[in-house]
Amino acid sequence: AQKVTQAQTEISVVEKEDVTLDCVYETRDTTYYLFWYKQPPSGELVFLIRRNSFDEQNEISGRYSWNFQKSTSSFNFTITASQVVDSAVYFCALSEAGGAQKLVFGQGTRLTINP
Amino acid sequence: DTGVSQNPRHKITKRGQNVTFRCDPISEHNRLYWYRQTLGQGPEFLTYFQNEAQLEKSRLLSDRFSAERPKGSFSTLEIQRTEQGDSAMYLCASSLGPAVSPLHFGNGTRLTVT
């Protein structure tokens, strides 16, 4: 069975600090996808990134970066120079490669950026 | 791209009543999903449509739940004889298949069963 664990329930930092959100996953599939979604107070889940299990290259998008390590089954997310607008709940998710995109979500990490 | 639209935003009902939610996906998206999210948890998959065909249902979807997507466009999710345990946020998402593409989520319908 697939499982995603986000051990950090809540994180609070001061604006401009860097922060890393941890994600550990379990799957027996050799091909799978990993995702990060952001859920601001408005409630709508916003897609941030998708990663194929064959692509272990780290990715950077502006202040956001992702570190994918198959050896440790982790897909961590770092926000550099955090801003108040980054405050939200962040979810890591996993899906099998084919057919329905049945995302298995972690419990989420509530990130609060204080001014 | 007007996004995924869900109605109503909030629904309060008494235990035992039936409720129906509606989801309008992004127009060109052929795949539509329903998820349920309870407080403090991540969303859980309920069911999935490709066009008008319901291809998969989670074990979470009891016999009291039924979903339809009659013309491959909008979808409805009905809960019969609601129970307090049904209280949750019901999220709809759509995507463009067959490739694995990101899900676009709506704002959800928050159901409270009293």
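The values are calculated or read from the model by the stated rules, or taken from the named source; none is laboratory data. Because the structure is a prediction, the values reported are computed rather than measured. For neighbour counting, all protein chains shown are included, and Cβ atoms are generated from backbone atoms with ideal geometry for every residue, glycine included. Accessible surface areas use protein heavy atoms only, side chains included; no ligands, DNA or RNA. Shrake-Rupley method; radii C 1.70, N 1.55, O 1.52, S 1.80 Å.
Restricting B:LEU46, B:LEU32 to those that are more than 10 Å from every other protein chain (Cβ to nearest Cβ), touching a strand residue (DSSP E or B) at 6+ places or on another chain (Cβ under 6 Å) and open to solvent by less than 20 Å² (accessible area, probe 1.4 Å) reduces the list to B:LEU32. Restricting A:GLU59, A:GLU15, A:GLU96 to those that are open to solvent by 40 Å² or more (accessible area, probe 1.4 Å) and under 14 Å from B:SER101 (Cα atoms) reduces the list to A:GLU96.
In segment A:80-93 there is no residue that is within 13 Å of chain B (Cβ to nearest Cβ), out of contact with any helix residue (DSSP H, G or I) (no Cβ under 9 Å at 6 or more places or on another chain) and surrounded by fewer than 17 Cβ atoms within 10 Å (Cβ to Cβ). Scanning segment B:53-77 for residues that are open to solvent by less than 60 Å² (accessible area, probe 1.4 Å) and among the charged types (D, E, K, R) yields a count of 3. Among the residues in segment A:49-56, are any more than 14 Å from chain B (Cβ to nearest Cβ), surrounded by 13 or more Cβ atoms within 10 Å (Cβ to Cβ) and in contact (Cβ under 8 Å) with a residue 40 or more places away in the chain? No, every residue in segment A:49-56 fails to be more than 14 Å from chain B (Cβ to nearest Cβ), surrounded by 13 or more Cβ atoms within 10 Å (Cβ to Cβ) and in contact (Cβ under 8 Å) with a residue 40 or more places away in the chain.
Assess whether A:ALA1 counts as being more than 10 Å from the chain's Cα centre (by Cα) and without any contact (Cβ under 8 Å) to a residue 60 or more places away in the chain. Yes.
Taking segment B:79-114 as the range and being touching a Lys or Arg at 6+ places or on another chain (Cβ under 7 Å), part of a loop (DSSP other than H, G, I, E, B) and crowded, with 17+ Cβ neighbours inside 10 Å as the test, the residues that pass are B:THR82, B:PRO102, B:ASN107.
Need at least 2 residues that are at pLDDT 95 or above and of a type in the set (S, T, N, Q) per element, so show me which strands (runs of 3 or more DSSP E) inside segment A:74-115 make the cut, counting only ones lying wholly within it.
A:74-79, A:109-114
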